[in-house]
Structures are given as C-alpha cells and as structure tokens.
Amino acid sequence: MKNLFLIAYLDLKESLRANWFIIYSLVFGGMIALFFIAGVTQSQVMGFSGLSRLLLIYIQVTIIILPIFILISTVRSISGDRDTYILEYMLSFPISLKQYYWGKIFGRFITVFSPVFFAMIIAVIYGKIIGALIPWNIFFLYTGLLFSLSSAFLGIAFFISSFVKTSEVALGLSFFIWIFLLAFIDIALISLMLQNRFDESLIISIALLNPMEIFRVAAISLFDPSLTVMGPVAFYILDNFEQKVFISLSILYPFVLGLTFAFWGFFIFSKKDLV
C-alpha cells in the first residue's frame, strides 16, 4: 500500500502543477462566482430560489463539462507515460503493475473530484454568510451523484488509456465517447423507435444505461419529483421506480460502471506489452 499511495501522491503532485488543472479549477470555481455575481441566489424561477436554484443550475452545467474534462485530462495517464518512457522508468523500481495502475487512479480521482466538490463547498459557505437556507439533503445527494459520475468517466478514461498506444488516438476516442453519450445516443434511440416501432420501455431502459442520462434524470427528480419537464418519459420512470430507489440506483450504477471499466482496463494493461 505504501507504493500505491506513493504513486497516487506523485500523480496528484504532477496534476497540481499542470495547466489543465488550473483551468479545470477555474472553470468550476469561476462558474460558482459567476452565478453569485449574476444574482442567482436572490432570484426565483418556477419556485426555485436561493442555493437550491444555484445548485440546480450548477449541476446542469456540470453534466456537460465534467465528463469531457475527466476524459481529456485522464485518458493520457498511461498512454502519455508510455510515450515519454516514464512508465518504463517507473517499473524499473520495485513497483508492481497493480500498485502503479491503482495508484494512478486514486491520485487522479482526487484531482478531478476535488475542484467540483470544493466549488459546492464555496456555495454553501457563501450561502451561510448571506443567511440563505442551506438545502443539505440536496447538497449531499448532489455530492453522491458527482462522485459516481466522476468514478464512471474516470474508469472509462483509464480503460481507454490501458490499450491505446498514442495520446492522440486516446484524445480522439475520448472526445467521440463524450459526443456519443451526450447527444448521439438520444437521437439514435428516438430514430430507432420511430422507424422500427420498438417498445418505448425498451428504448428508455437503454437510454438510462447512459451514465450522463441517468445523472440528469436523478438531478431533475430532486427538484421536480413528478419529472414534468421530461414529458411521457416520466410516466415510465415513475411507474417503475420510487424516487429514493431511482436516486440510489443513479448513484450506485455509474460507480459500479466505472469500477468495471477500471478493472477491465487493468486486465488489459497487465496482459499486453507495456512499452
């Protein structure tokens, strides 16, 4: 475990010096600051006001930005070390493949999750200062959702990095996955449903396999338990899941998905040529 934490510390230290981490932190911290400057906490729209509305807007923006930041910053973790011969140098020390791989994951998770989490902490502190009501239940649930979403895309990124030989290919593949999960899957499923008359429940079930989609639905359900903004899709979800069950599934499923991809990536990494 000592070597694992040493690898995690080295990756964390390297990430903190990188330009992408500065930009990554400024994006989320600046987004919260911009919401405060715009007076989001002092306005009310559709019954949402104060920190509740700020967190609602923050989470909707995060679902777009967070996955691509994680993929781009993480997908080169192993492939980049392989390109620069750092991987060969690191393995010349008494460090196992397991310690190297999981140490990189542990260190990178702290790097990608902490700016998102601390931005929410800043929002809570500012809310306390101005005397706003703190929606602690929503805060903790959003923290769980962000934790699971970060885990999912971190696992996917390390899976890609484990078998891709060059950083350029890794970046292109990660961008394609982000576009596919963000937009194409919904368009493809709707077209498939209209052309082939598939059962709607099957189409919706496939759509919810998308970690970004289930994250979005769970975030909306915290403020709109009836899911009125989602139209007919809401009837299928509400008929088959209670809100608490669906929220639990929304946190557990992306986390398990990320672990699955991470273990799959480690299996490939440990079996193929390293350099």
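The values are calculated or read from the model by the stated rules, or taken from the named source; none is laboratory data. Nothing here was measured: the structure is a model prediction, and the numbers come from that model. All Cβ positions, glycine included, derive from the backbone under ideal geometry; neighbour counts span all protein chains shown. Just the protein is used for accessible areas: all its heavy atoms, side chains included, with ligands, DNA and RNA removed. Shrake-Rupley method; radii C 1.70, N 1.55, O 1.52, S 1.80 Å.
Below, the figures for the structure above:
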| item | result |
| --- | --- |
| Accessible area of the stretch 143-186 divided out per residue, in Å², using a probe of 1.4 angstrom | 37 |
| Where a label projected 7 Å from the Cα of Ile86 along Cα→Cβ would reach, residues of the stretch 1-27 with amide N under 13 Å | 7-21 |
| Shape call, the stretch 52-174: gyration tensor on alpha carbons, a/c limit 1.5 | prolate |
| Difference of contour (0.36 nm per residue) and Cα-Cα distance, Lys272 to Ile125 | 48.1 nm |
| Qualifying chymotrypsin sites (Phe, Trp or Tyr not before Pro) in the stretch 54-142, DSSP loop, other Cβ atoms within 10 Å at most 12 | Tyr85 |
| Sites Phe263 and Ile206 - FRET efficiency at Förster radius 22 Å, r taken between beta-carbons, to 0.05 | 0.40 |
| Estimated FRET transfer efficiency (Thr166, Ser248; beta-carbon r; R0 45 Å; 0.05) | 0.70 |
| Thr166, Thr260, reordered so the largest accessible area comes first (probe 1.4 Å) | Thr260, Thr166 |
| Which of Leu222, Leu182 is most accessible, then next, and so on - probe 1.4 Å | Leu182, Leu222 |
| Additional length obtainable on full extension of the chain from Lys98 to Leu133, 0.36 nm per residue less Cα span | 8.0 nm |
